[in-house]
1. Look at the stretch 17-49 and say how many of its residues are surrounded by 13 or more Cβ atoms within 10 Å (Cβ to Cβ), charged (D, E, K, R) and within 36 Å of the chain's Cα centre (by Cα).
2. Taking only the stretch 205-217 into account, find how many residues are surrounded by fewer than 14 Cβ atoms within 10 Å (Cβ to Cβ) and polar (S, T, N, Q).
3. Name the residues in the stretch 93-107 that are free of Cβ contacts under 8 Å to residues at least 40 places away in the same chain and touching a helix residue (DSSP H, G or I) at 6+ places or on another chain (Cβ under 8 Å), would you?
4. Look through the stretch 171-191, keep the residues that are assigned to a loop (DSSP other than H, G, I, E, B) and not hydroxyl-bearing (S, T, Y), and return whichever of them is nearest to W289 (Cα to Cα).
5. If you check L90 against the conditions, is it part of a loop (DSSP other than H, G, I, E, B), hydrophobic (A, V, I, L, M, F, W, C) and out of contact with any strand residue (DSSP E or B) (no Cβ under 9 Å at 6 or more places or on another chain)?
6. Anything in the stretch 147-175 that is at pLDDT below 80 and more than 11 Å from the chain's Cα centre (by Cα)? List them, or say none.
7. For residues that are hydrophobic (A, V, I, L, M, F, W, C), in contact (Cβ under 8 Å) with a residue 12 or more places away in the chain and over 17 Å from F32 (Cα atoms), scanning just the stretch 71-92, find the one that is surrounded by the fewest Cβ atoms within 10 Å (Cβ to Cβ).
8. Does the stretch 114-127 include one or more residues that are of a type in the set (D, E, K, R) and closer than 14 Å to L71 by Cβ?
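The values are calculated or read from the model by the stated rules, or taken from the named source; none is laboratory data. A quick note: this is a predicted structure, and the numbers were derived from the prediction, not measured. Note: ideal-geometry Cβ built from the backbone for every residue, glycine included; neighbour counts use all protein chains shown.
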Amino acid sequence: MSRPSLPPVQSFESIPPPSDVPRRILVVDDDFAQRLLFEKLLLLEGYGVDVASDADEAIDRINEAPPDLILLDVHLEGMSGIELCGELRLIDELRLTPIVLVSAIYQTEEWAVRGLLAGADDFIQMPERLDELKARIRVQLRNRRDREMLEWLETQRNKLRVAALRDPLTGLTNRRGGDKALRDSLSSGEPVVLLLLDIDHFKLVNDTHGHAAGDIVLRQVATTLERRSRRGDVVVRHGGEEFFVLITGADPQLAATIGERYRAAIEGLVLSGSAGVGGVTVSIGVAVWTAAEEGAPTPERMLAVADAGLYEAKRNGRNRVVTTEAVSDASVLGRIVHPSIIPSPKSRGGVP
């Protein structure tokens, strides 16, 4: 079963594809005179032009530099223009490239149908109608520009969706993305282990060394957590100096061992560039749901149980792991610490 996760962070390019770059057209025609005619015509229109006399040469030109439009003669020797059109449509780099089929002699409707079904965007006969040919090329390049813009906009939307679920400082999944991943895990039918981690005395780091040093600590803790996590685990910056690690499908009996591994990794972290900050430790509360119990807990209850364990770890000296269980029965949570006195991360007061 796939684990909840996010795609990698991607750079966000806010500049759309340029509209003023000269377009390049590949002319494929085995008739020298006709090829020369098309080349001169297109150069006068301001296009860049490459030429090829057969299918093999056309493929070579495309490999050198994919064109923005292909003007393709129907009657090539060897592989016909229609057959070549079908082959070109299998090339991923040409998915936006218009192909205009040209026939120097009158053809029946069947030829136009065959060409269009092979993947051509247009079919024109009697190339002496040069003004019409120029107009059709302009239309196809305009259509290509529209498709480029639509593809660019879709890419930007996808990047924004990813960015909305990422913490900008650490690059980790943010709270919104983490809550969704936790909800998905609890509905997966597999055991779930949730480790809630809080950096000990982090306020002192900010007050003594400044927020820039605090940011370095947060980033290096985040990197350490990611490096220690398994493929498919979700590492989340839950807010402030608090993180959680979501592990789906792990043996619940190993929850304490897993928590200790993360605690030791942070304790052994050698900070760099943190303006004199010494060692860093974390307190960890671990909540476990075995998936054998009837009815999965809500994400809020799972976090509340882990938070209760985290508070106990803070109260008993910090830099330690406290493991609990998270089941549907609300009384279990009450036996750990009464819900009415479970402090939120912002209200721990003397337990930073």
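1. Going through the stretch 17-49 one residue at a time, the tally reaches 2.
2. Adding up the residues that qualify gives 1.
3. Narrowing the stretch 93-107 to residues free of Cβ contacts under 8 Å to residues at least 40 places away in the same chain: 93-95, 99, 101, 103, 105-107.
Once the filter is applied, which keeps residues that are free of Cβ contacts under 8 Å to residues at least 40 places away in the same chain and touching a helix residue (DSSP H, G or I) at 6+ places or on another chain (Cβ under 8 Å), the stretch 93-107 yields E93, L94, I99, L101, S103.
4. Of all residues in the stretch 171-191, those assigned to a loop (DSSP other than H, G, I, E, B) come to 171-172, 174, 187-191.
Next, only the ones that are not hydroxyl-bearing (S, T, Y) stay: 171-172, 174, 189-191.
Numbers: G171: 28, L172: 24, N174: 22, G189: 10, E190: 9, P191: 6 Å.
Step by step, filter the stretch 171-191, then rank; the result is P191.
5. On the way: part of a loop (DSSP other than H, G, I, E, B): yes; hydrophobic (A, V, I, L, M, F, W, C): yes; out of contact with any strand residue (DSSP E or B) (no Cβ under 9 Å at 6 or more places or on another chain): yes.
Answer is yes for this residue.
6. If the condition is that a residue be at pLDDT below 80 and more than 11 Å from the chain's Cα centre (by Cα), then A164 is the only one that fits.
7. Narrowing the stretch 71-92 to residues hydrophobic (A, V, I, L, M, F, W, C): 71-72, 74, 76, 79, 82, 84-85, 88, 90-91.
Next cut, in contact (Cβ under 8 Å) with a residue 12 or more places away in the chain only: 71-72, 74, 76, 79, 82, 84-85, 88, 91.
From what is left, the residues that are over 17 Å from F32 (Cα atoms) are 79, 82, 84-85, 88, 91.
Working: M79: 15, I82: 21, L84: 26, C85: 25, L88: 23, I91: 13.
For the stretch 71-92, the residue satisfying everything is I91.
8. Filtering the stretch 114-127 for residues of a type in the set (D, E, K, R) gives 114, 121-122.
From the residues that got through so far, the ones that are closer than 14 Å to L71 by Cβ too are 121-122.
Yes, the stretch 114-127 contains at least one residue that is of a type in the set (D, E, K, R) and closer than 14 Å to L71 by Cβ.
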